[in-house]
Each structure stands twice: as structure tokens, then as C-alpha cells.
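The values are calculated or read from the model by the stated rules, or taken from the named source; none is laboratory data. This one's a predicted model, so the numbers in the text were calculated from it and none came from an experiment. Glycine also receives a Cβ, built like all others from the backbone with ideal geometry; neighbour counts cover every protein chain displayed.
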Amino acid sequence: MKYETVIGLEIHAQLATASKMFCGCSTKFGAEPNTNICPVCTGQPGTLPVANKKAIELAIKTALALNCTIEPSSVFARKNYFYPDLPKDYQISQYELPLATKGYIDIEVDGVTKRIGITRVHLEEDAGKLNHQGAGRIMGANSSLVDYNRTGTPLMEIVSEPDLRSPREAAVYTETLANLLRYLEVCDAKMEEGSLRCDANISLRPVGQKEFGTKTEVKNINSFKAIEKALIAEEKRHADVLDEGGKIIQETRFFNDETEETAGMRSKEEAHDYRYFPEPDLVPIAPAKEWVETIRQSIGELPAERKNRYLSQLQLTPEMAEFLVNDKPLADFFEAAVKIHNRPAAIANWLTGDITAYLKEQKKTIGELPHSPEQLAELQKAIDDGTISGKIAKTILAEMLKSGKPVKEIIAASGLTQISNESELIAVIQEIIKNNPKQVEQFKSGKEAVMMFFVGQVMKATKGRGNPELVNKLLRQELSA
């Protein structure tokens, strides 16, 4: 390793409020362009902003979950720059005095846990959206249309310390943070809708050097996979430039999904370029300690805590626990089923296997499943009490997913109940033994593998309905007679 990679991320999360940061306009995604706007969010003369208390609450909740210190007083500031998607020619943000500081989040990469520092969490308003015509992005577009619906939407910016050392760590950090936001119900973290966006700062330095190298910023990366790809591309570009004796230029770049390369956009701004000054129309945020404590109590179980409980109390495998915890609705479905029938590993196996495969194939979420957690618990209970076999259960599940009918109704209509009557099974076994004398002799001579032949014959004769455990027991009994 010739160089060490240093990465810091700025995550912009759209807060789950019904109205914008400083006005009453709706934040609903997908509305017709320029319909969710008003004089306040479009910066008309004489209008005054009023801070959204719910947005402040959600940001405090996140900061507490990130182990940050909530500052006794934080101040909104004007960040001045000129761009078509910013109707006021400034963005209301926070600068010198943010809402929260000095936190951390733990991530797990390849089985190793690493602590990533959080520099700050602050509030700001979003800009509008430019719809570039012809090229899909500003570089090479014929023209651009402006939609101000997003202008003024409450954003929370989470800035990490430069503690990430690889593109992989950066991707895992973002996914871990996105999952935390979903658990807290402060942001849906849908990168494809722009409710979670990532700006990545990256630099390289010779191994052993303490000083940071010159950084570049890759802006508005729009998927978790793209974060890793973009940083791999930029990491390679930095290394190539340095190997050739060149110098990295501090600039803002964008990632092209098609070429999987980054390209320069503009020189990187410094803080003084934005001419920050306190927002004169808004008072400082000074949250009462009692209010902060009430918010703290509302946080509930976080992903890491849930995973530890699944491992220690429910004895799930690390892979199963990780899979479930990374999808809160799926984990909630799992827990609802386990409360009804306490077979955690078996129920988790259905969810992480057959059911997830079905959801991927149908491009659905667990919330769109045609049956309830109660029905999944009922299916596993039918296996455990011997009503159906595990093999038959797969057939029952397929019908459940197709029709949404109750388990008992499907079993009754199909006649697929398991045969656990000893007399009935012995009669079948004796007939098979009678018709296969050669295999009987092989078994008696010590060829244990022949047992699988007999099991297969019994299951074929019973059309898969024979109780496997009982079939094995009775076969040995009859063959040894």
C-alpha cells in the first residue's frame, strides 16, 4: 500500500415532516412541478420564515442516537450563493453554531467493528431541483427547467470526521446511517427519490504521513452502490495523478454512472466563499433540557441493539440477524410472527429465504405481502405439530403468496396433511420391503446408504405426505425385524 485513502462524508437527509422548514407548504414527493410553493419558500419580498418545530425535534432525535452533544444554543445562518434552484440567492443553514456536535456511529465491515466520528448535525433548507433537458445532467444538457417544490424542504446534514479509509467503508457507513434514520422514523432514506443524498470528500496521502492530502468532493451520489463505485474511481484517479508527479486540484466533481468515472465541475468553494452571517429573521434554537430528555426517551431500540438481541436471546445466526435488522419492516414482521409462535430460527429462515425471493421477483415490499405474520406463524406451527411436513409447507407457502388464503384453508382444500399414523405407514413400508429384496439384503449387509432409497420409495408412495421422522424410525424397525 503506497497511499492511504482518507474519506469524510456529508449526508443530507430530508426530514419526515408534513410541511417545509420555514413555511406551511407540503413536502409530499411527486407533486406537479411548482405546485407546493408559496411566497416564503420562493423568497418573495416582505416574507418572514418561521422554524418548523417538528424538524428540530427529528434532528435532535437523530443527534442523540448518534451520541452527539445537543448544543444549548444554535443559530441559523445565511449561506450566500447564486444558482437557479435557489430563489432567495441564499440558503438558510447553520454554520458556526450547529444544533449538535461530537458524536459517533459504529459500522461493521467484513466482521470488524469500527467507530466513525460525527463532526456535527445541523439543520438547513433544501434547494429546488433542476431538470436538465437532453443529457439528464447539467454537463451536456440543452436546457434546464426549475422545479421549486423541493425548495425549503427540511434537511438535516450529518457530517462525519475523516475517519473512513476505503470506498467500502464509506458505502457501509452510509447504509448503516440510512438504516438508523429509518429506525428513528426521521427520514425514509430513499436515495432514488432524493430524500437521502451524499457528498463525499476524498484525499490520498503517503502511508505514514499525518497531514491530509488535497481533497476533492464528489457531489450528489444517488445510490449506495454508486458511493463505492464513485470513490473507487476517484481513489484511482488521485493515485494515478500522484504517481505521475502531478498535483490534485481541490475541486467539486460528479460521478458518471455510465462511464464509472468522475469529471470536474467547478473549483471547490471554501467557507468564506459563502459569506455566512447569522439569519436576522430567525431566533437561536435553545432546546429545553426537559424537551431533549423527552425526545431521548422516544428513541426506542436501535439497529445495533436489535441485532445483539437477535443473537443473544433468539439465537439467530449473524447472517440472519444482519439481514433482518437491515430492513425494519421485515424485522417487525418477523417479531410479530415470533410472538405468536416462538420459533425464531425457523420463521427467520422463511423470511430470509422463500419470502424474500418472492418479494424480489415480484418487486414488492414486506408490507405488500398477501398474508400476515399470524399466517406465517400458523404455517410453522402446522409443521411443528406434525400436520404438514417441511416439504409440503413450501407448497402451502407458494399458495399463500399467490392467493393470500389462510393456511388452514389451503391445507384442508389440498388434502396435503402429513401422514403420522403408524399403522398406515407400516403397511406402506412392508409392501416396499417385500418388493425390494435386493436392497433389503444390501442394507442388512451394512450398506447404510440404501436407507435413502427406502425413504424415497415411502415418500413417493405417500405422495410426500409421510412424516419423515416417523418414516425413518419405522423403516429401521421393519428392516431390522
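Quick one: would you say LEU180 is more than 23 Å from THR113 (Cα to Cα), outside any loop (DSSP other than H, G, I, E, B), assigned by TED's automatic domain parsing to the domain that holds PRO98 and touching a Pro at 6+ places or on another chain (Cβ under 8 Å)?
no
Looking at region 224-276, which of its residues are polar (S, T, N, Q) and closer than 18 Å to SER166 by Cβ?
THR262
Would you mind stating whether LEU58 is part of a helix (DSSP H, G or I) and either touching a residue at least 24 places away in the same chain (Cβ under 8 Å) or not hydrophobic (A, V, I, L, M, F, W, C) (or both)?
Considered against the rule, which asks whether it is part of a helix (DSSP H, G or I) and either touching a residue at least 24 places away in the same chain (Cβ under 8 Å) or not hydrophobic (A, V, I, L, M, F, W, C) (or both), LEU58 comes out as yes.
Out of PRO49, PRO45, which single residue is more than 30 Å from ARG205 (Cα to Cα), over 22 Å from the mean Cα position of the chain (by Cα), at pLDDT 95 or above and in a loop (DSSP other than H, G, I, E, B)?
So the residue among PRO49, PRO45 that is more than 30 Å from ARG205 (Cα to Cα), over 22 Å from the mean Cα position of the chain (by Cα), at pLDDT 95 or above and in a loop (DSSP other than H, G, I, E, B) is PRO49.
Checking the structure you have, find out if any residue of region 143-155 is surrounded by fewer than 22 Cβ atoms within 10 Å (Cβ to Cβ), of a type in the set (A, V, I, L, M, F, W, C), more than 27 Å from SER74 (Cβ to Cβ) and under 15 Å from the mean Cα position of the chain (by Cα).
No, region 143-155 contains no residue that is surrounded by fewer than 22 Cβ atoms within 10 Å (Cβ to Cβ), of a type in the set (A, V, I, L, M, F, W, C), more than 27 Å from SER74 (Cβ to Cβ) and under 15 Å from the mean Cα position of the chain (by Cα).
Is it true that some residue in region 166-176 is in a loop (DSSP other than H, G, I, E, B), in contact (Cβ under 8 Å) with a residue 60 or more places away in the chain and surrounded by fewer than 23 Cβ atoms within 10 Å (Cβ to Cβ)? If you could, list the steps in order and put the result at the bottom.
Start the filter on region 166-176 by keeping residues that are in a loop (DSSP other than H, G, I, E, B), which leaves 166.
Filter once more, so that each one left must be in contact (Cβ under 8 Å) with a residue 60 or more places away in the chain: 166.
From what's left, surrounded by fewer than 23 Cβ atoms within 10 Å (Cβ to Cβ): 166.
Yes, because at least one residue in region 166-176 is in a loop (DSSP other than H, G, I, E, B), in contact (Cβ under 8 Å) with a residue 60 or more places away in the chain and surrounded by fewer than 23 Cβ atoms within 10 Å (Cβ to Cβ).
Is one or more of the residues making up region 392-411 more than 26 Å from the chain's Cα centre (by Cα), in a loop (DSSP other than H, G, I, E, B) and in contact (Cβ under 8 Å) with a residue 60 or more places away in the chain?
Looking through region 392-411, none of the residues is more than 26 Å from the chain's Cα centre (by Cα), in a loop (DSSP other than H, G, I, E, B) and in contact (Cβ under 8 Å) with a residue 60 or more places away in the chain.
Could you go through region 104-113 and let me know if any residue there is part of a loop (DSSP other than H, G, I, E, B) and buried (at least 18 other Cβ atoms within 10 Å of the Cβ).
no
Looking for whichever is out of contact with any Pro (no Cβ under 8 Å at 6 or more places or on another chain) and surrounded by 19 or more Cβ atoms within 10 Å (Cβ to Cβ) here; the options are LEU15, LEU64. Which one fits?
LEU64
Being without any contact (Cβ under 8 Å) to a residue 12 or more places away in the chain and not in a strand (DSSP E or B): is that true of GLU192 here? Walk me through it before giving the result.
Working: without any contact (Cβ under 8 Å) to a residue 12 or more places away in the chain: no; not in a strand (DSSP E or B): yes.
Criteria not met by GLU192.
Being among the charged types (D, E, K, R) and at pLDDT below 95 is the filter here; which residues of region 119-149 pass it? Give the derivation first.
From region 119-149, those among the charged types (D, E, K, R) are 120, 124-126, 129, 137, 147; that's our starting set.
Residues satisfying the conditions are LYS129, ARG137.
Identify the residue in region 225-256 that is under 18 Å from GLY8 (Cα atoms) and outside any helix (DSSP H, G or I) and, among all such residues, is nearest to the chain's Cα centre (by Cα).
PHE255
Looking only at region 389-408, decide whether some residue is in the same structural domain as LEU314 (by TED's automatic domain parsing), among the hydrophobic types (A, V, I, L, M, F, W, C), over 30 Å from VAL325 (Cα atoms) and buried (at least 18 other Cβ atoms within 10 Å of the Cβ). First the steps, then the outcome.
We begin by selecting, within region 389-408, every residue in the same structural domain as LEU314 (by TED's automatic domain parsing); these are 389-408.
Applying the additional criterion that residues be among the hydrophobic types (A, V, I, L, M, F, W, C) yields 392-393, 396-398, 400-401, 407.
So of that shortlist, the ones also over 30 Å from VAL325 (Cα atoms) come out as none.
No: zero hits.
Which of the residues spanning region 92-106 are under 25 Å from the mean Cα position of the chain (by Cα) and not charged (D, E, K, R)?
Scanning region 92-106 gives ALA100, THR101, GLY103, TYR104, ILE105.
Quick grid of which residues meet (1) out of contact with any His (no Cβ under 9 Å at 6 or more places or on another chain); (2) among the charged types (D, E, K, R); (3) exposed (fewer than 12 other Cβ atoms within 10 Å of the Cβ); (4) over 30 Å from LEU231 (Cβ atoms):
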position: PHE254; (1), (2), (3), (4): yes, no, no, no
position: THR259; (1), (2), (3), (4): yes, no, yes, no
position: GLY264; (1), (2), (3), (4): yes, no, no, no
position: TYR274; (1), (2), (3), (4): yes, no, no, no
position: PRO278; (1), (2), (3), (4): yes, no, no, yes
position: LEU330; (1), (2), (3), (4): yes, no, no, no
position: PHE334; (1), (2), (3), (4): yes, no, no, yes
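Quick one: would you say THR259 is more than 25 Å from the chain's Cα centre (by Cα), in the same structural domain as THR113 (by TED's automatic domain parsing), under 28 Å from MET21 (Cβ atoms) and modelled with pLDDT under 95?
Working: more than 25 Å from the chain's Cα centre (by Cα): yes; in the same structural domain as THR113 (by TED's automatic domain parsing): yes; under 28 Å from MET21 (Cβ atoms): no; modelled with pLDDT under 95: yes.
Here the answer is no, as THR259 does not meet what is asked.
Among the residues in region 412-428, are any hydrophobic (A, V, I, L, M, F, W, C) and within 25 Å of the chain's Cα centre (by Cα)? So that I can check it myself, show each step before the final result.
Initial filter on region 412-428 (hydrophobic (A, V, I, L, M, F, W, C)): 412-413, 416, 419, 425-428.
In the following step, the residues that additionally are within 25 Å of the chain's Cα centre (by Cα) were identified as none.
Among the residues of region 412-428, not one is hydrophobic (A, V, I, L, M, F, W, C) and within 25 Å of the chain's Cα centre (by Cα), which makes the answer no.
Kindly indicate whether GLU469 is surrounded by 12 or more Cβ atoms within 10 Å (Cβ to Cβ), part of a helix (DSSP H, G or I) and among the acidic types (Asp, Glu).
no
Has region 327-335 got at least one residue that is under 12 Å from LEU376 (Cβ atoms) and among the acidic types (Asp, Glu)?
Yes, because at least one residue in region 327-335 is under 12 Å from LEU376 (Cβ atoms) and among the acidic types (Asp, Glu).
Condition (residue is assigned by TED's automatic domain parsing to the domain that holds LEU86, at pLDDT 95 or above and under 23 Å from LEU86 (Cβ atoms)) applied to region 220-230: is it met by at least one residue?
no
Looking at region 24-39, is at least one residue within 22 Å of PRO278 (Cβ to Cβ), assigned by TED's automatic domain parsing to the domain that holds MET191 and modelled with pLDDT of 95 or more?
The answer is no, given that none of the residues of region 24-39 is within 22 Å of PRO278 (Cβ to Cβ), assigned by TED's automatic domain parsing to the domain that holds MET191 and modelled with pLDDT of 95 or more.
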